[in-house]
Amino acid sequence: MMLKYELILYWSDADQAFIVEVPELPGCMADGETYQEAVQNAEVVIQAWIQTAQALGRSLPEPKGRLLFV
């Protein structure tokens, strides 16, 4: 499955880990010790988020691409 949701990735001093947020999928976040691990973990969590939403009969948000925050 091609995942086209925007990822926001940053370092968290408090967690001593890279954090990935997926703003278009409420509550969808992952972390990892490295940048690559955080992104890989995010891909797994996105898949699980989508599968859960489908199992519950909820519609999936359309990926919008780059979100602009003002």
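Computed from the coordinates by the stated procedures, all read-outs in this text should not be read as laboratory data. Just so it is clear, the model here is predicted, and its values are computed rather than measured. FYI the Cβ positions are ideal-geometry reconstructions off the backbone, even for glycines, and counts take in every protein chain you see.
Across region 17-26, rounded Karplus estimates of 3J(HN,Hα) from the backbone phi angles (6.51 cos²θ - 1.76 cosθ + 1.60, θ = phi - 60°) give 7, 7, 10, 10, 10, 10, x, 7, 10, x Hz, Gly and Pro being marked x. The simple spin-label model puts a point 7 Å past each Cα toward its Cβ; for residue 35 and residue 52 those points are separated by 2.8 nm.
Hey, what angle do you get for helix 35-55 against the long axis of the chain, alpha-carbon based, 0 to 90 degrees rounded to 10? Taking Cα atoms only, the helix is inclined about 20 degrees.
Summarising the label geometry, the points placed 7 Å from Cα in the beta-carbon direction at residue 64 and residue 15 lie 2.3 nm from one another. When the helices in the chain are scored as -39500 (n - 2.57) per DSSP H run of 4 or longer and the sum is shared across all residues, what 222 nm value do you end up with, to the nearest 500 deg cm²/dmol? Calculated mean residue ellipticity at 222 nm is -10500 deg cm²/dmol. Structure remark: mean-square fluctuation, Gaussian network model of the chain, C-alpha springs under 10 Å; the largest value among 43, 21, 33 belongs to 33.
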